[in-house]
Amino acid sequence: MYKGNRITVVAPCRNEAAHISEVIRTMPDFVDHIIVVDDCSSDGTGDVAEKSGDSRVMVLRTDSNQGVGGATILGYQKGFELGSEILVKMDGDGQMPPEYLADLLDAVVEKGYDYAKGNRFLAGESLAFMPKHRLLGNVALTFMTKLASGYWHVFDPQNGYTAIKARSLRMLNLNKVHKRFFFENDMLVALNFHSSRVGDVAIPSRYGNEVSDLSPFKIGMTFPILLLQRFARRIYQRYVLRDFSPVALFLIMGLVLFLWGAGFGIYLWIETAITGRATPTGTIMLALLPLILGFQLLLQAIVLDIEHTPK
C-alpha cells in the first residue's frame, strides 16, 4: 500500500516480451497488484510476465485485439474487483520509469487530484531525447486536446503514465471511452464531464528500440476528427444540457458570423479576380465586420472556457 491506499498497476501490452520483465522487476514494493494485460501478443508477452516470479503479477489475456484503451479498461475492471483505491496505467514497453511512480501517486494522495498524468515537457531533460516528429506532434495535439477536453492547464495529453482514484474512475462511462490510441485524450474529455481535477507531474520518458504501432499519418488523419467530435459533445454537455452558459452562445454566434464573413469575403475576392471590378467599400464591410465580430466572440468563448477549467 502507498500511504494507506491500495495500489494496482495496469500494464497493457502487445508484443512486449523484451521489456515486460524489466518493468515488473523494477516495480516499487508499495504496489499491491500488477495486472499485465496481454492484448493478443504473438511473442509470448503473457508467458514472460507469468514467469517473472513476482507474486503480485496477474496476467489477463484478450481473445481479440482490444487496443491500448480496451486492454487498460479490462485491467481497470479487474482492479475494481481487487478493491484498488488508486489505479495506475504504466505501459509494458519500459518507457515509463517506475521510480517516478511515487511522484504520480502523491499528486492524487496528497494534492487531491482525481487524475494525475505524466508530463514529459516539465521534465526538460527528456525532451532532448524525444524524437523530433513526436515532439512536434505532441505540441499540435496538446492544443487540440486542450480545446476538446477543457483542461487548458494540462500539457502532453498523449502521455499514458497516469494514476486515477477508483471512485473517480467509477463515475466514467468506460463503454464510451475510445478503446485505441485515442484513449488518453478521450479520458480527459470524459473526466471533464464530471469536473474532475486533473494535474500534471514532471516525469521523463525513456526511448529505446521500441516500435510504435501508431504512424504520424494515422494520427493526422484520425485524431483531429475525433477531437472535433469530443469538443462538440463537451460543449453540449457542459454548457447547454447541464447549465446553459454564455460560452455556448458566444461559440454558436461567433462561429456563424466568422464563417459568414470568411465565406462572403472569399466569394468577393474570387469575383473581383474574375471580373476585374473593384468591390465597393460597403460590400467589403459586410464581410469584414462579421469576420471581426465572430472572431472576438470565439476568443471570448475560449477565455470563459479557460475560467471554467476544473483545478
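For ILE252 and ALA278, calculate 0.36 nm times their separation in residues minus their Cα-Cα distance, and state this gained length in nm to one decimal.
Here the answer is 6.1 nm.
What percent antiparallel are the DSSP beta bridges of the chain, to the nearest 5?
30
Mind listing the long-range amide H neighbours of VAL37? Cut-off is under 5 Å, sequence gap 5 or more, other chains count too, H placed in the peptide plane at 1.01 Å from N.
Amide H neighbours of VAL37: ALA11, CYS13, LEU60.
Report the FRET efficiency, 1/(1 + (r/R0)^6), for ASP54 and ARG242, where r is their Cβ-Cβ distance and R0 is 35 Å, rounded to 0.05.
Once the sixth-power term is evaluated, E becomes 0.20.
Measure up LYS78/LYS117; LYS3/LYS176; LYS89/LYS218 against 29 Å on the Cα-Cα distance and list the ones that go over.
LYS3/LYS176
Label ASP103 and PHE295 with points 7 Å out from Cα along Cα→Cβ: what is the distance between them in nm?
Result for the modelled spin labels: 4.0 nm.
Residue separation times 0.36 nm, minus the C-alpha to C-alpha distance between LEU147 and GLU22: what's the value?
Roughly 41.3 nm would be gained on extension.
³J(HN,Hα) across the range 96-113 via Karplus (A = 6.51, B = -1.76, C = 1.60, θ = phi - 60°), whole Hz, x for Gly/Pro?
Coupling constants for the range 96-113: 10, x, x, 5, 9, 4, 4, 4, 5, 5, 4, 5, 8, 6, 9, 8, x, 6 Hz.
Over the chain, average the accessible area per residue using a 1.4 Å probe and give it in Å², no decimals.
Counting only protein heavy atoms, the per-residue value for the chain is 48 Å².
Per residue of the range 58-66, in order, report the coupling 6.51 cos²θ - 1.76 cosθ + 1.60 (Karplus, θ = phi - 60°) as ³J(HN,Hα) in whole Hz, putting x for Gly and Pro.
The phi angles translate into 10, 9, 10, 10, 8, 7, 9, 4, 9 Hz.
Can you give me the relative contact order of the range 1-126 as a percent, contacts being Cα pairs under 8 Å and 6 or more apart?
Relative contact order comes out at 31 percent.
Working from Cα positions, state the angle (0 to 90°, nearest 10) between the long axis of helix 281-307 and the longest principal axis of the chain.
Between helix and principal axis, roughly 30 degrees.
Rounded to the nearest Å, what's the spacing between the alpha carbon centres of the range 180-198 and the range 59-93? Just the number, please.
After rounding, the separation between the Cα centres reads 17 Å.
Mean residue ellipticity at 222 nm from the helices of the chain, using -39,500 (n - 2.57) per DSSP H segment of n ≥ 4 over the full residue count, to the nearest 500 deg cm²/dmol?
Mean residue ellipticity, 222 nm, calculated: -15500 deg cm²/dmol.
Springs between alpha-carbon atoms under 10 Å, Gaussian network over the chain: tell me which of GLY112, GLY276, GLY137 tops the mean-square fluctuations.
GLY276
With contacts defined as alpha carbon pairs under 8 Å and 6 or more residues apart, what's the relative contact order of the chain in percent?
17
Among rounded, prolate and oblate, which fits the range 245-297 when a ≥ b ≥ c are the square roots of the eigenvalues of its C-alpha gyration tensor, a/c under 1.5 means rounded, and a/b larger than b/c means prolate?
prolate
For VAL57, enumerate residues with amide H under 5 Å from its amide H, sequence gap 5+ or separate chain, H modeled in the peptide plane.
ILE34
Using only Cα positions of the chain, each an equal point scatterer, no hydration layer, compute I(q)/I(0) via Debye at q = 0.08, 0.15, 0.16 Å⁻¹ and quote the log10 values to two decimals.
For the chain at q = 0.08, 0.15, 0.16 Å⁻¹, log10 I(q)/I(0) is -0.43, -1.18, -1.31.
Fully extended, how many nm does the chain gain between LEU288 and GLN77 (0.36 nm per residue separation, minus their Cα-Cα distance)?
Gain on stretching LEU288 to GLN77: 70.6 nm.
Taking the Cα atoms only, what angle lies between the long axis of helix 183-193 and the longest principal axis of the chain, rounded to 10 degrees?
Taking the Cα atoms of the chain, the angle to 183-193 is about 70 degrees.
Applying the Karplus parametrisation 6.51 cos²θ - 1.76 cosθ + 1.60 with θ = phi - 60° to the phi angles of the range 88-94, what ³J(HN,Hα) value in whole Hz is obtained for each residue in order, glycine and proline being reported as x?
Running phi through 6.51 cos²θ - 1.76 cosθ + 1.60 with θ = phi - 60° gives 10, 9, 9, 4, x, 8, x Hz.
Keeping the other protein chains in place, figure out the carbon and sulfur percent of the accessible area of the chain, with a 1.4 Å probe.
In the chain, the share of accessible area belonging to carbon and sulfur is 61 percent.
What longest range of the chain stays clear of loop-exposed GluC sites (Glu not before Pro) (DSSP non-H/G/I/E/B, at most 15 other C-beta within 10 angstrom)?
By the stated rule (loop sites, at most 15 other Cβ atoms within 10 Å), 1-109.
The values are calculated or read from the model by the stated rules, or taken from the named source; none is laboratory data. These numbers were taken from a predicted model, which means no experiment stands behind them. Backbone-built Cβ (ideal geometry, glycine too); neighbour counts: all protein chains shown. SASA here: full protein model, heavy atoms, side chains in, ligands and nucleic acids out. Shrake-Rupley method; radii C 1.70, N 1.55, O 1.52, S 1.80 Å.
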